[in-house]
Amino acid sequence: MSPEHKQPLQSSLRVQELIYGLRISQVMTNKVFAVSRNCTMRDVQTIMKNNSITGVPVVDNKRVVGIVSMNDLMNALEQGAMEECVIRWMVGEVQTLAEDMPLSFAISAFGKFSFRQFPVVNKKNELVGILTFRNINMALIRELSRQLREMEQKNEQPPEPDSLVLAKVYQLHRYDFENGGKASAEMKKFLKERGIPPKVVRRVAIASYELEINLVAHSIGGMLGFDINEERVKISSHDRGPGIKDTAVAMTEGYSTANEWIRSQGFGAGMGLPNVKRVSDEFAIESAVGMGTMVQAIINLKTEGSNENK
Amino acid sequence: MDLIRIADTLEAELIYAPKGWEQINVETVFASDLMSDVLMSDRDELLLVTSLSTEQSIRSAGIVGCETVVIANSKTVTEGMIELAKDQEIALFGTRYPKYESCVRLGRIMEP
């Protein structure tokens with residue numbers, strides 16, 4: 001096993017859950033300093049200086065039409081154009097983030113674009129906040145400390161050997177078909193050994209295998225996490241991109257973006273995601289182009305009330 | 001239908017078989033080169049006939065609880081596939097017959 005295939009620590013499942021569980025709206029700065037189109041660069045400079053910030057969105061009727069960064073300000077300063085309107089110096093097409101996106105999408109966006117902050121908009125496309133890496137760091141530290149405190153308070157007992165409780169994360173790499181399927185095989189074994197009915201084990205294995213194949217065939221890489229307790233198996237697949245433009249279309253049976261090579265491996269029939277949904281008791285998908293895709297599938301282990309005959 | 005008879009009719013070569021493979025009883029057969037279809041099946045398939053000779057064929061078979069895989073059309077079976085078959089306790093055979101012909105032969109002996 002090469003070093004890059006080393007399994008991440010189990011604690012990364014917690015971090016992974018964290019960055020998917022938190023929404024941008026819970027992390028961003030709500031108090032935004034914005035200017036209107038006819039403000040001057042001087043106004044922006046004053047705002048930046050007084051509030052120790054490095055970027056100011058330009059809004060028109062609450063809609064973001066541009067952003068002025070420290071860089072733009074320096075350019076204007078150099079040209080002696082501080083009294084000019086921001087509209088001449090701002091960067092127009094602004095990449096915004098939606099407030100209900102998972103935090104992980106924002107982290108991808110920071111990786112993809114070189115911006116130091118992103119304006120955050122609501123469903124009506126109105127500016128509601130601003131997100132910087134500082135916000136993300138603070139939120140993660142806050143949440144992790146809270147979780148650590150919780151863990152300390154809990155009287156940690158060593159798990160029994162036949163316990164069903166398990167948290168495990170697998171890392172999957174693009175086109176690494178060789179390792180795509182390992183997680184499913186291991187989980188299948190784990191559940192089988194603990195006496196879970198074969199039909200239920202099979203559903204977990206199918207959902208997890210389809211998700212593994214999706215990660216290696218379609219994403220640029222990601223993680224597959226298992227969170228198992230007496231009640232249910234929760235499988236979460238998180239990747240770093242490219243993201244799905246229209247998840248409803250991706251859920252259509254037969255729709256596929258697979259290339260010839262993926263097809264030569266026996267996949268790419270456009271049945272993967274629908275099949276995961278078919279075998280799951282609960283299913284959710286979220287995606288944004290350039291930021292990643294998250295799929296969560298829950299399979300109940302107690303047969304009563306579960307998706308039995310599927 | 002026991003596996004020995006199946007292997008006979010397909011003139012199949014035994015590549016790997018777990019202990020007690022002679023006792024494996026096959027009631028249903030599924031033939032496909034599309035693993036997506038294998039994964040969509042909701043019957044308890046016991047034997048998979050495929051001409052897709054990849055590790056994913058063995059993995060997919062394992063996922064749906066298939067105990068036997070027949071690789072049709074004299075396709076080369078890789079070491080990785082054999083390792084997987086061992087790990088998942090799947091009986092692995094190779095036959096020179098193409099997929100369709102393998103199915104026809106199986107169909108003949110399985111008819112009541």
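At-a-glance table
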read-out	value
Rough spin-label spacing in nm, given labels placed 7 Å along Cα→Cβ, for A:VAL289 and A:ARG116	2.9
Shielding by other protein chains, B:75-81, mean Cβ within 10 Å	0
Under DSSP loop assignment and at most 15 Cβ neighbours within 10 Å, longest GluC sites (Glu not before Pro)-free interval of chain A	A:1-82
Label point at B:TYR100 placed 7 Å out along Cα→Cβ; residues across region B:1-27 whose backbone nitrogen lies under 20 Å	B:10-11
Listed peptides B:62-69, A:61-68 by packing density, highest first (mean Cβ within 10 Å)	B:62-69, A:61-68
Equivalent ellipsoid semi-axes - Cα gyration tensor, chain A, angstrom	44, 22, 17
Label-point separation in nm, A:LYS199 to A:THR29, each point 7 Å along Cα→Cβ	5.6
Selected from B:LEU46, A:ILE213, A:VAL59, residue furthest toward positive end of dipole (the protein assembly as shown; charges at beta carbon)	A:VAL59
Estimated FRET transfer efficiency (A:ASN38, A:ASP246; beta-carbon r; R0 30 Å; 0.05)	0.20
Spin-label pair A:LYS124/A:ARG174, simplified geometry with 7 Å Cα→Cβ offset, distance in nm	4.0
For chain A, built as a Gaussian network whose Cα springs stay under 10 Å, the top-fluctuating residue of A:GLN153, A:GLN117, A:GLN296	A:GLN153
³J(HN,Hα) computed for each position of region A:105-119 - Karplus, 6.51 cos²θ - 1.76 cosθ + 1.60, integer Hz, glycine/proline x	5, 5, 5, 4, 4, 5, x, 7, 9, 8, 5, 9, 8, 10, x
Links that overshoot a 19 Å alpha carbon limit, given the list B:LYS75/B:LYS99; A:LYS168/A:LYS302; A:LYS199/B:LYS99; A:LYS234/A:LYS302; A:LYS182/B:LYS86	A:LYS168/A:LYS302; A:LYS199/B:LYS99
Overall form of chain B per C-alpha gyration tensor (a/c, 1.5; a/b vs b/c)	rounded
DSSP-loop chymotrypsin sites (Phe, Trp or Tyr not before Pro) across region A:203-310, with at most 12 other Cβ within 10 angstrom	none
Estimated FRET transfer efficiency (B:ARG5, A:GLU253; beta-carbon r; R0 41 Å; 0.05)	0.65
Cross-link reach list, aspartates and glutamates versus A:LYS49, counting only Cα pairs under 20 Å and skipping chain neighbours closer than eight places	A:ASP72, A:GLU78, A:GLU83, A:GLU84
Gyration tensor (alpha-carbon) shape descriptor, region A:161-300, a/c threshold 1.5	prolate
Phi-based couplings in Hz for region B:27-35 (Karplus 6.51, -1.76, 1.60; Gly and Pro marked x)	9, 10, 10, 10, 10, 6, 9, 9, 5
Helix-only [θ]222 nm of chain A, DSSP H runs n ≥ 4, -39500 (n - 2.57) each, per residue, nearest 500	-11000 deg cm²/dmol
Selected from A:LEU172, A:LEU144, A:LEU211 as most flexible by GNM, with chain A as the system and alpha-carbon contacts under 10 Å	A:LEU144
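Readers should treat all values here as calculations from the given coordinates under stated rules, not as data from a laboratory. Predicted model, so just to flag it, every value in this text is computed and none were measured. Counting neighbours? That spans all protein chains shown, and the Cβs are built from the backbone with ideal geometry, glycine included.
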